[in-house]
Amino acid sequence: MKSELKREIIKTADGSTTIHLPELDEQYHSKHGAINEAKHVFIKNGFQYILSSRSIEKLDILEIGFGTGLNTFVTFLEAQTNNQAVNYVGVEAYPVAFNEAKLMNYPKALFAEEKASVFDTMHEAEWEQSFAISPDFSITKRKQFFIDIKDENTFDLIYFDAFGARVQPELWTVEIFRKMYNALRANGVLVTYAAKGSVRRAMQEVGFEVERLSGPPGKREMLRASKF
């Protein structure tokens, strides 16, 4: 679906860019601030949260919706700050082309221009192969539909960053969240910007314990789901 629609680069409220799909009135990231959303939802309430509760030698992360690579890049920067080893798997059915990814201003907006080559490398890395971005951060990009995910007891943390349920309701179902539940290890966590009641109930149906948390700018709430 993504590859067939008109695509525009827009600037969000915090100065960072994202891809806008005007026909769907949907963005890859929040128009209220792409970086602010990534840091609040996935870093603060995911990455930092899980590391505050226990020590993990190498954190295994699954991202649902690799997209522009923003979440991967902010995770890399956070992992470096915390000296945390990470194995990162990003799943994307419709990859963003490298020339389009290059139009994103994330290294500059994150005051990490010295790491711009890392952002480029994340997009240039071959799909379906593990690639070491640094000695402590490896990434594997999988070109895959979410319904085809079959991982079991593999990940500590899931970033669920699919297009919203208004646009793609089939990505926010009991069937999909059962796959997410199975992919997590015990005490694993899933975080998402979404807060719809139907999403929360789908998570609970497959066994997640779900918390409503304050959302990023422009959203009242978000969800964090834990597997115990």
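The values are calculated or read from the model by the stated rules, or taken from the named source; none is laboratory data. Not measured: the values here are computed from a predicted model. Neighbour counts are summed over all protein chains in view; Cβ atoms, including those assigned to glycine, are modelled from backbone coordinates with ideal geometry. Only protein heavy atoms, including side chains, enter the accessible area calculation; ligands, DNA and RNA are left aside. Shrake-Rupley method; radii C 1.70, N 1.55, O 1.52, S 1.80 Å.
I'm trying to understand the selection: among the residues of region 117-176, which are closer than 27 Å to L24 by Cα, β-branched (V, I, T) and modelled with pLDDT of 95 or more?
Filtering region 117-176 down to residues closer than 27 Å to L24 by Cα leaves 123, 141-149, 158-176.
Restricting the remaining residues to those that are β-branched (V, I, T) gives 147, 149, 158, 167, 173-174, 176.
Within region 117-176, I147, I149, I158, T173, V174, I176 meet the criteria.
Name the single residue, out of those in region 144-166 being under 16 Å from A202 (Cα atoms) and more than 15 Å from the chain's Cα centre (by Cα), that is surrounded by the most Cβ atoms within 10 Å (Cβ to Cβ).
So the residue we want is A165.
Between F76, F47, which is surrounded by 20 or more Cβ atoms within 10 Å (Cβ to Cβ), within 17 Å of P135 (Cα to Cα), among the aromatic types (F, W, Y) and modelled with pLDDT of 95 or more? Full working, then the answer.
Numbers: F47 fails: within 17 Å of P135 (Cα to Cα).
Going through F76, F47 in turn, just one is surrounded by 20 or more Cβ atoms within 10 Å (Cβ to Cβ), within 17 Å of P135 (Cα to Cα), among the aromatic types (F, W, Y) and modelled with pLDDT of 95 or more: F76.
When you scan region 84-94, how many residues do you find that are open to solvent by 30 Å² or more (accessible area, probe 1.4 Å) and modelled with pLDDT of 95 or more?
Number satisfying all stated conditions: 1.
How many residues, within region 127-143, are over 17 Å from the mean Cα position of the chain (by Cα), charged (D, E, K, R) and either open to solvent by less than 40 Å² (accessible area, probe 1.4 Å) or at positive phi (or both)?
Residues flagged as over 17 Å from the mean Cα position of the chain (by Cα), charged (D, E, K, R) and either open to solvent by less than 40 Å² (accessible area, probe 1.4 Å) or at positive phi (or both) within region 127-143 amount to 1.
So how many residues does region 105-126 have that are touching a residue at least 24 places away in the same chain (Cβ under 8 Å) and surrounded by 14 or more Cβ atoms within 10 Å (Cβ to Cβ)? If you could, list the steps in order and put the result at the bottom.
To start, the set of residues in region 105-126 that are touching a residue at least 24 places away in the same chain (Cβ under 8 Å) comprises 105-107, 109-110, 112, 115, 118-119, 122-124.
Narrowing the set further to residues that are surrounded by 14 or more Cβ atoms within 10 Å (Cβ to Cβ) leaves 105-107, 109-110, 112, 115, 118-119, 122-123.
Matching residues across region 105-126 total 11.
May I ask you to list pairs of residues, at least six apart or on different chains, whose Cβ atoms are under 6 Å apart, with the first in region 199-227 being surrounded by 14 or more Cβ atoms within 10 Å (Cβ to Cβ) and the second being in a strand (DSSP E or B) and small (G, A, S)?
M203/A225; F208/A225; V210/A225; K227/G188
Conditions tested, residue by residue: (1) more than 16 Å from the chain's Cα centre (by Cα); (2) in contact (Cβ under 8 Å) with a residue 12 or more places away in the chain; (3) open to solvent by less than 50 Å² (accessible area, probe 1.4 Å).
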site: E4; (1), (2), (3): yes, no, no
site: R7; (1), (2), (3): yes, yes, no
site: E23; (1), (2), (3): yes, yes, no
site: S30; (1), (2), (3): no, yes, yes
site: H40; (1), (2), (3): no, yes, yes
site: L59; (1), (2), (3): no, yes, yes
